[in-house]
Amino acid sequence: MYEAVTRSIRVTVEPNYLENQSCPVDRHFVWAYHVRVENLGPETVCLRARHWRITDATGTQHEVRGDGVVGEQPALKPGETFEYTSGTPLSTATGFMVGSYRMETEDGENFEVAIPAFSLDSPHHPNRIH
């Protein structure tokens, strides 16, 4: 599990390789990742946007930006948690992801929250490098 805390918002990520959706012969490798966002602070915040940078074993990067996560813009009161699962394919057997969320306070202040870098390693890559 990977974890980062920014301004009292804890983000933890747990990636899992999906063997049943992958086809190594066709260079198609798929991972799911489960994300937990916890508001450890004293103010209500809303997750407005996401930014992901996905890098494969060749160094090729793909960026993803969009509103909210999984079709939602969850508001988190102090002590609340939001969890979701998403996924990503790669054309290599290993890689990594890193990103950020744009959060907004009830007063309209926006701030960035780090999503920790996490490794995407499949059993089809003998030397895990991440």
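The values are calculated or read from the model by the stated rules, or taken from the named source; none is laboratory data. In this text the structure is predicted, and so the values were computed from the model without any measurement. Cβ coordinates were reconstructed from backbone atoms using ideal geometry, including for glycine residues, and neighbour counts include every protein chain displayed.
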Quick one: in the stretch 1-54, of everything that is within 15 Å of the chain's Cα centre (by Cα) and among the small types (Gly, Ala, Ser), which residue is nearest to Ile115 (Cα to Cα)? Ala4
By residue number, the members of the stretch 107-121 that are assigned to a strand (DSSP E or B) and either buried (at least 20 other Cβ atoms within 10 Å of the Cβ) or charged (D, E, K, R) (or both) are Glu112, Val113, Ile115, Phe118, Leu120, Asp121
Based on what the data block shows, is Val98 surrounded by 15 or more Cβ atoms within 10 Å (Cβ to Cβ) and either modelled with pLDDT under 95 or under 12 Å from the mean Cα position of the chain (by Cα) (or both)? yes
Could you please give the count of residues in the stretch 1-29 that are touching a Leu at 6+ places or on another chain (Cβ under 6 Å) and surrounded by fewer than 18 Cβ atoms within 10 Å (Cβ to Cβ)? 2
